[in-house]
Every structure is written in structure tokens, then in C-alpha cells.
Amino acid sequence: MKGKKVFVADCQKGDILAQDVFLSNGVLLITRNSLINEYIIERLSEHRIEEVNILQQIESSSSLMREYTKGIEKINGIFKRLIAGERMDVSEVDKIAGRLVPYLDQPSSVAACLSDVRVKDEYTYAHSVNVAFYSLIIAKWLGLSRHDCRKAVQAGLLHDVGKLLIPDSILNKPGRLTDKEFTMIKQHPLLGYNLLAQIPNLSQEVREAALLHHERLDGQGYPTQTPLGQVGILSRIVAVADVFDSMTTDRIYKKAVNPFEAFEMFASTGLSQFDPFVLNTFLVRMPSCYTGSKVQLSSGEEGEIVYVPPYRILSPIVKINAEYRELGPFHQTKIIKLAI
Ligand SMILES: [Fe+2]
């Protein structure tokens, strides 16, 4: 990603740094993919850096929002026809994937869009499209080909298709599930796989992601207890995307956590559960997608995330009034809510 060379003075808010910026002594000052804002411009000017390589945002967030809403409508229709016993046409799913793939170069816009619009729709449909988007950008960060990125979107869209066969009264039960109900829920990967196995022309890896997205690294997942290291890359990607979306979405039986709380949980317990390469890539890249997000803090103040150091992802720098403050596990002030 080379980008275009511009004077720092000419940088526009919303541009993206195309290359890492180092000081003359070799210290990394700001990492590539950071969103240009006042904080970044101040840091660059302070160190007398005059030129940087930037990329301009290609698509507006409104077109992304349109595709997102359209994706939910389409998947809603496909799923409803599937429940009614009609055969799924793979080309329809692939068409949705094809429309989302161009956004793989805009992870920040995707994060902003998903934080903004989530849970306005029926959960399974919105969750499927959210997981498809997250899977797409993780696949891109992992360096998968455009063709495989498209399959990652299909895998995200279809991973929970087996839930269509579980009664709503169990899926959306407000209270604690009985053992019997939990056993039923745990059947959804196999039900989904069996449903997708009947559909011609669908990639076997996509079918497997429906079967294996709840498997875990230590073999303690379900339904097959296959250690995650032995399953395909799409299943390992969808496993992270699925849990991140579930944690950050309000459900009838649990409150959402904000993305930074989710990153903290992933960082503390995720390495025993998820593919380390997929998880580390996600944790290094995803937090900076929230640069520009408005946040409510535990101190009662409001602020805006201006930079997330990629190797200190739990310590975002937040602008509060005119002051830049570093948050994080060793500071009292925490992010309690994100509003983009
Ligand atoms: Fe699932």
C-alpha cells in the first residue's frame, strides 16, 4: 500500500496513512492505516515530519450503509425461502458477497457502520451480515486472495443458518437455558451443515464453517470437539468474527459490551480458544478501526478516540475537551459506551 505523497499541512481529516512513519532514530511514531486527524497531524508536526503517504477513503459511509441494509434484506429473503423448503441458490449468496467485497479496503468504515446500525433488525439476519463483514476484513488482513475473501463473506452469511431450525422461544429466551435447551442450541452447527450439504455448488469450506465455527483451540468447543488448529481457515476466521459480534450486540438475555471490553476479553482469554494467528491479527488491526468514534467514559466525560497504538490496543488515546488522555487497563477511566 504505497499511497500518494502529500505535505502534512495538506492532509485532510479522514485520509488514511498508507505507510508507517518512523522518527530519524528508527522509533515508530504512527502506524500505517491510522486515520488522519488533528492528533496525528500534531504528532507529525511536533517531530517536524513534512510529508507522508496517504490513501483517500474511496466510498462514502452512506453507500456502505445502503449495502449493509440491502444485505440484511437479501439474506432475510434467502433464509425465509430456505425455511419454507425452497432450495437455496448459491449465486444469490455469492451476489451479496460480491457487493460487500469492495469494502475490504475500508475496515474503519465497516466498524463504524456496524456499530451504528446494529440490532435494529432481527438478530439472526443482522448477525449474519455483521459476521460476513468482520470475516471479510479479517480475511483481507490475513492476506487471503480476493476469491477467498469472497468465500469468507459467504461463510459469515451462512454460518448460523442452522439456527433457523431452532425454535425462537429457545433462541430468544430471556432467562437461563435448561440443559435440554442448551443441548438443542448446540445442534445448530450440525443442522446448518446438513442444510448446506444439500445445496449444490457451495464451497465445502463454507459448509464446514457452519459446522465448525464453535470449535475451540483446546478441543472444548462443539459439536465435533475438533481442535481449531485442525480446521480450515474460514472456520477459524468466522469463530473470531462470530464471538466479537455476539459480545458487542445487545440480546434479550445479555447486555452488549463495548468493543474495547471485547478486545480486553479476547486478549486475556482468547489465546486458549481461538487460532492465535487469526486472533492476533484481529487484535492488532481491529481496535484502530474505532479511531474517530465518540465515547462515553466512566468519569462522566465524553471524548473521541484519536489513536490506538497497535501494540497497546487496550490503551487508546482519547481527546477529552482539548486534552489528549491515554486510557487503558492501568488507568481508572474506562470507556463505557461507544457512539459513532
Ligand atoms: Fe453459531
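The values are calculated or read from the model by the stated rules, or taken from the named source; none is laboratory data. Since we're looking at a predicted model, the values are computed, not measured. When we count neighbours, we look across all protein chains shown, and the Cβ atoms used for this are built from the backbone with ideal geometry, even at glycine. Just so you know, the surface numbers come from the protein's heavy atoms only, side chains and all, with ligands and any DNA or RNA stripped out. Shrake-Rupley method; radii C 1.70, N 1.55, O 1.52, S 1.80 Å.
Tabulated data for the structure shown
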read-out	value
Normalised contact order of the chain, rounded percent, pairs of Cα under 8 Å and 6 or more residues apart	13
Separation of alpha-carbon centers, the range 195-248 and the range 284-340, rounded to whole Å	32
Surface accessible to a 1.4 Å probe, residue 88 within the full protein complex, Å²	10
Dipole moment magnitude, nearest 20 debye, the range 229-275 about Cα centre, only Lys, Arg, Asp, Glu C-beta charged	120
Heavy-atom accessible area per residue - the chain, 1.4 Å, Å²	47
Cross-link pairs 180/254; 173/319; 140/180 - those with Cα-Cα distance over 32 Å	173/319; 140/180
Given charges at beta-carbon only (K, R positive; D, E negative), |dipole| of the chain in Debye	460
Surface accessible to a 1.4 Å probe, residue 20 within the full protein complex, Å²	60
Local electrostatic count at residue 138 - Lys and Arg +1, Asp and Glu -1, tallied over other residues with Cβ under 10 Å	+3
With every protein chain in place, the chain: carbon and sulfur % of accessible area (1.4 Å)	51
Angle in degrees between helix 123-141 and the longest Cα principal axis of the chain, rounded to the nearest 10	50
Cross-link reach list, aspartates and glutamates versus residue 334, counting only Cα pairs under 18 Å and skipping chain neighbours closer than eight places	261, 264, 301, 302, 304, 323, 326
0 to 90° range, to nearest 10: angle between helix 276-285 axis and the chain longest Cα axis	40
Between 0 and 90°, nearest 10: helix 188-197 axis offset from the chain longest Cα axis	80
Calculated FRET value between residue 304 and residue 9, using beta carbons and R₀ = 25 Å, to 0.05	0.70
16 Å Cα-Cα reach of residue 74 towards lysines, excluding residues that sit fewer than 8 places from it in its own chain	95, 120
Low-density loop cleavage sites - chymotrypsin sites (Phe, Trp or Tyr not before Pro) in the range 308-340, where at most 14 other Cβ are within 10 Å (DSSP)	311, 330
